[in-house]
Amino acid sequence: MNKLEMLYEGKAKRVYKTDVKGRYWIEYKDDATAFNGEKKGQILDKGIVNNKMSALLFQMLELESIPTHFEGLLSDREQVVKAVEILPLEVIVRNVAAGSLAKRLGLEEGVIMKETVLEFCYKNDELGDPMINDYHIAAMGYATKDQVETIKNYALKINTLLQKFFIERDLKLIDFKLEFGTYDGKVILADEISPDTCRLWDANTDKKMDKDRFRRDLGDVESVYQEVLDRVQK
Ligand SMILES: Nc1ncnc2c1ncn2[C@@H]1O[C@H](COP(=O)(O)OP(=O)(O)O)[C@@H](O)[C@H]1O
Ligand SMILES: [Mg+2]
């Protein structure tokens, strides 16, 4: 497979066309952003961690009957994926109150909620990814009602699978963000699952093991990303 022209460069990855129909070449960068691009920096070798971790988790999810875009690793920072039409939604799954939810509802971070919370945001950097509900999605045609049902079912199943996977590695899955796309008319999981897109706390100490170390200047950013990859690979 050969890499052709770059299609788009996002905040964390570059996406390239390939000479194979229906396949894109993704390159993971070390660039880190937070607060809708206001804070910018680099996390050394983050691209390697996120590429390898996403690959491993997507393969695990495929074995559990979740269809994903993952096709294969190309190098430490590169993978080949199915070329999907990304649905313009950020799907957020929350088990424990943290981040914007804690702020919005005036909760202390770490409060365990009675049920899992699913949120949708409209994926639009200029608007700051505003939160929306099923009615907005239908009214704007961001996804069909059937697609939303499928996404909800996948997201909750992925949550159960990931919670089990991470707790076996002494990590609590606090919350995470997913993106889905369509391929051959079907909804499949796309984008990434990494410390950039998950909140993970050490099961024994509640140490933050994710991008909050960068967002909040907590230090040890690089070593924590490496530690998460080590635990995931164990
Ligand atoms: N399989 C895929 N096919 C097409 N686009 C994808 C796929 N997986 C991820 N993308 C998209 O690649 C882009 C680059 O990723 P990223 O750098 O994380 O972007 P962002 O700045 O939006 O977070 C995003 O728009 C993301 O939705
Ligand atoms: Mg992204």
Problem set entry | Flag if Tyr225 is in a helix (DSSP H, G or I), within 16 Å of ligand 2 (Cβ to nearest atom) and on the phi < 0 side of the Ramachandran plot | yes
Exercise. Just a yes or no: is a residue in region 137-145 in a strand (DSSP E or B) and either under 21 Å from Gly37 (Cβ atoms) or assigned by TED's automatic domain parsing to the domain that holds Lys186 (or both)?
Worked result: no
For this session: For residues that are under 20 Å from the mean Cα position of the chain (by Cα) and outside any loop (DSSP other than H, G, I, E, B), scanning just region 120-136, find the one that is surrounded by the most Cβ atoms within 10 Å (Cβ to Cβ).
Result: Phe120
Problem set entry | Qualifying residues in region 10-42 (those that are closer than 23 Å to Asp212 by Cα and without any contact (Cβ under 8 Å) to a residue 12 or more places away in the chain) - the one nearest to ligand 1 (Cβ to nearest atom) | Gly10
For this session: Among the candidates Asp196, Asp191, single out the residue that is within 16 Å of ligand 2 (Cβ to nearest atom) and at positive phi.
Result: Asp191
Problem set entry | Residue match in region 45-57 (condition: surrounded by 12 or more Cβ atoms within 10 Å (Cβ to Cβ), more than 14 Å from ligand 2 (Cβ to nearest atom) and part of a loop (DSSP other than H, G, I, E, B)) | yes
Exercise. Right, Glu108: loosely packed, with under 11 Cβ neighbours inside 10 Å and part of a loop (DSSP other than H, G, I, E, B) or not?
Worked result: yes
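The values are calculated or read from the model by the stated rules, or taken from the named source; none is laboratory data. Just so you know, these numbers come straight off a predicted model, no measurement behind them. Neighbour counts run over all protein chains shown; Cβ positions are idealised from the backbone, glycine included.
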